[in-house]
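Visitor: Just passing along the structure, written as structure tokens.
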Amino acid sequence: MAKTKFSTGGVAALLRNAGQLEKAIQENPHEVVRELATNVIMLPIQYIEANREQPRRDFDEKAIEELTTSIRTHGIIQPITVRRLHDKAYQIISGERRYRASRAAGLSEIPAYVRLANDQELLEMALIENIQREDLNAMEVAISYSRLAADYKLTHDQIAGRVGKDRSTVTNYLRLVNLPQYVTDAIRDRKISMGHARALVAVDDISLQNALCRQIIEEDLSVRAVEKIIAGYQEDRKGKTPKADKRLPEHMRQIQDQFSAFFGAKVSLKRNENGKGQLVVNFNDDAELNRLIDSIEKQ
């Protein structure tokens, strides 16, 4: 069967006719996909909607204002990419910043590449496009990988194949979603690096993760310095403290955890059968000691 050839105008007309589009896809799907991927068409901006599964959640409003000014002057240099829902509805795969700025600039049409995709492919393409062009922060990447794993049952190997990364890289990102919110917020705001985050994942104490994260930000600690602190903590756990913890009744362990959460530091609670004991709050230096004192004085 001879391959169907489309002009740019022909692609636009095809997209407006669901029957012809379905027929073309059945007869020659590869040609349709190729033409859609390589031809830019002008879409009415009211036909376009944002992608609910967009990996990027944080948009710099000042940057969008600057882009709006640029679009008013020079127009859109790079077309957006959308998925066709029907002839008057398209969902953004990549280019939401350009879309927002175009609306703000008062454009009635916007240049776009059109693709055909199901919801899973939409999320995958949005992730890939954004990693390549938008520089997602580490948490946005981690959450997107997590959605592919949880919602679509993809293995780490399958995700790695989709996004062109090593399996170990995907695994490291996925571990970030288990960190406490204080730490994930710091990653999202780029207050700590991916290297810092990977080090904190190795800690199984939430309060210590929070405390170390705070210390990284306040003291501008290097990744190596954090790894050294964590190594010291793990070495301490080989001593007597873990054994004492195991002897604590459950309600006393909960009290110990409450103290840890309050101080944002490692706390050891020891208590004998007569109710006598001690509470030890650990700190690494004078700066952290001063922080602990401030925590008490604020109450």
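The values are calculated or read from the model by the stated rules, or taken from the named source; none is laboratory data. Since we're looking at a predicted model, the values are computed, not measured. In this analysis, Cβ positions are derived from the backbone assuming ideal geometry, glycine residues included, and neighbour counts consider all displayed protein chains.
Visitor: Residues that are outside any loop (DSSP other than H, G, I, E, B) and either at positive phi or at pLDDT 80 or above (or both): does segment 281-299 have at least one?
Guide: Looking through segment 281-299, at least one residue is outside any loop (DSSP other than H, G, I, E, B) and either at positive phi or at pLDDT 80 or above (or both).
Visitor: Name the residues in segment 63-80 that are in a helix (DSSP H, G or I) and either over 21 Å from the mean Cα position of the chain (by Cα) or within 16 Å of Glu109 (Cα to Cα) (or both), would you?
Guide: Residues satisfying the conditions are Glu65, Glu66, Leu67, Thr68, Thr69, Ser70, Ile71, Arg72, Thr73, His74.
Visitor: Of all residues in segment 51-74, count the ones that are among the small types (Gly, Ala, Ser) and either modelled with pLDDT of 85 or more or not assigned by TED's automatic domain parsing to the domain that holds Glu96 (or both).
Guide: 1
Visitor: Evaluate the following for Glu96: is it on the phi < 0 side of the Ramachandran plot and either crowded, with 17+ Cβ neighbours inside 10 Å or within 26 Å of the chain's Cα centre (by Cα) (or both)?
Guide: yes
Visitor: Now a separate question. Please report, ordered by residue number, the helices (runs of 4 or more DSSP H) entirely within segment 125-181 with at least 1 residues that are in contact with a Cys (Cβ under 9 Å, 6 or more places away or on another chain) and either at pLDDT below 80 or farther than 17 Å from Ile192 by Cα (or both).
Guide: Result: empty, no element qualifies.
Visitor: Could we say that Arg83 is within 27 Å of the chain's Cα centre (by Cα), modelled with pLDDT under 80 and under 30 Å from Ala142 (Cβ atoms) here?
Guide: Criteria not met by Arg83.
Visitor: Being under 20 Å from Glu121 (Cα atoms) and free of Cβ contacts under 8 Å to residues at least 40 places away in the same chain is the filter here, so list the residues in segment 59-82 that pass it.
Guide: Selection gives Pro79, Ile80, Val82.
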